[in-house]
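Working notes for the structure below.
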Amino acid sequence: MTSERFFGLIPAAGVSERIGRATPKQYLPLLGRPMLYHSVSALLASDRIDTVFVVLAPADEEFRRHEWGGFGARVAPLYCGGATRHDSVLNGLVAASSTVQPDDWMLVHDAARPCLRQCELQRLLAALAADEVGGILGVPVADTLKRADADGQIQATEPRERLWHAQTPQMFRHGLLLQALSRTGMVTDEAGAIEALGLKPKLVQGSTMNLKVTFAEDLQLAETILASRAGQS
């Protein structure tokens, strides 16, 4: 019988150079809390998620400066982050092996996606409940896509049919994901490692509001989204 236990894993060991701030992106303030707090909270708002493992850089001193007590024992920091996302997720999966079984579901979520809604999370859980591989949240590409050369001149217009923007969480069995990441080199997301095994993860409809904070202007947009929800509660 396959497991129906669910765990989260958030790689949060990066230095976030593109946002142009001295503070690592995951600790930038949003509504009085670090961005990482909101990403953790989005997963733990579901009572189906047992624990969220937060993979931190070995020398991280910032995590302890913030208040996590409201989550009780459901947040587990792991000081084993690597130089890349691939390394951090792989190290986190290995470190969590003493708690998580191979058939348990692992939901890998970006530290910089603080606006995940419960409706999208529950849609992902429901869509993959009987799936043998797993899958990810995503949204179909709506913009026209241009391929450019090295000088920034348009070479071609690419068809956008059946193209999706990949999001997180990305949800796979712990053992399968550990195997996939152990066998692959650098991949930009967990689904890519699963695909390298010859498997086909499922795409589950997400939302454009589940944005990834990459640049400074994204931070303001994320705060606006979260503030609007706080006003509705």
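The values are calculated or read from the model by the stated rules, or taken from the named source; none is laboratory data. Every value quoted in this text rests on a predicted model; they were computed, and no experiment measured them. Glycine also receives a Cβ, built like all others from the backbone with ideal geometry; neighbour counts cover every protein chain displayed. Areas reflect the complete protein model, heavy atoms only, side chains present, ligands, DNA and RNA absent. Shrake-Rupley method; radii C 1.70, N 1.55, O 1.52, S 1.80 Å.
How much accessible area per residue does the stretch 106-202 have, in Å², with a 1.4 Å probe? Don't skip to the end; give the middle numbers.
Details: 4870 Å² over 97 residues.
Heavy-atom SASA per residue in the stretch 106-202 reads 50 Å².
If you place +1 on the Cβ of every Lys and Arg, -1 on the Cβ of every Asp and Glu, and leave all else neutral, what size is the dipole of the stretch 58-129 about its Cα centre, to the nearest 20 Debye? Walk me through the numbers on the way to the answer.
Details: 7 positive and 9 negative charges, 45 e Å.
Rounded to the nearest 20 debye, it is 220 debye.
Explain nothing, just the number: relative contact order of the chain, from Cα pairs under 8 Å at least 6 residues apart, as a whole percent. Could the numbers behind the result be given before it?
Details: 426 pairs, mean separation 54.0, N = 233.
For the chain, the relative contact order is 23 percent.
Among the DSSP beta bridges whose two residues both lie in the chain, what percent are antiparallel, rounded to the nearest 5? It would help to have the intermediate numbers written out before the result.
On the way: 16 of 34 bridges.
Counting DSSP beta bridges with both partners in the chain, the antiparallel share is about 45 percent.
Heavy atoms only, probe 1.4 Å: what % of the accessible area of the chain goes to carbon and sulfur, would you let me know? Provide the component values of the computation, followed by the final result.
Values: 5930 of 11630 Å².
Looking at the chain in its full context, I get 51 percent from C and S.
May I ask you to list the trypsin sites (Lys or Arg not before Pro) in the stretch 174-217 that are in a DSSP loop and have at most 12 other Cβ atoms within 10 Å of their Cβ?
Values: sites: 183, 202, 212; in loops: 212.
Those that pass, being in a loop and sparsely packed, number zero.
Could you tell me which residue out of 58, 86, 68 lies farthest along the dipole of the chain toward its positive end? Charges go on the beta carbon: Lys and Arg +1, Asp and Glu -1, centred on the Cα centre.
Final value for the positive-end residue is 68.
Exactly which GluC sites (Glu not before Pro) in the stretch 80-170 are in a DSSP loop and have at most 15 other Cβ atoms within 10 Å?
Details: sites: 120, 132, 161; in loops: 132, 161.
For GluC sites (Glu not before Pro) across the stretch 80-170 that sit outside H, G, I, E and B with at most 15 neighbouring Cβ atoms in 10 Å, the list reads 132, 161.
As an exercise, identify the GluC sites (Glu not before Pro) in the stretch 59-93 lying in DSSP coil whose Cβ has no more than 13 other Cβ atoms within 10 Å. Don't jump to the answer; show the numbers that get you there.
Working: sites: 61, 62, 67; in loops: 61, 62, 67.
The qualifying sites are 61, 67.
Based solely on its DSSP helices, what 222 nm [θ] is calculated for the chain when runs of n ≥ 4 H residues each add -39,500 (n - 2.57) and the sum is averaged over all residues, nearest 500 deg cm²/dmol? Mind dumping the intermediate values first?
Details: 6 runs with 65 residues, N = 233.
Here the helix-only value at 222 nm equals -8500 deg cm²/dmol.
Sorting 105, 68, 164 by accessible area (1.4 Å probe), largest first, what list results?
Working: 105 0, 68 25, 164 90 Å².
I get 164, 68, 105, largest accessible area first.
Share of antiparallel DSSP beta bridges in the stretch 138-233, in percent to the nearest 5? Walk me through the intermediate numbers first.
Numbers: 7 of 8 bridges.
About 90 percent, rounded to the nearest 5.
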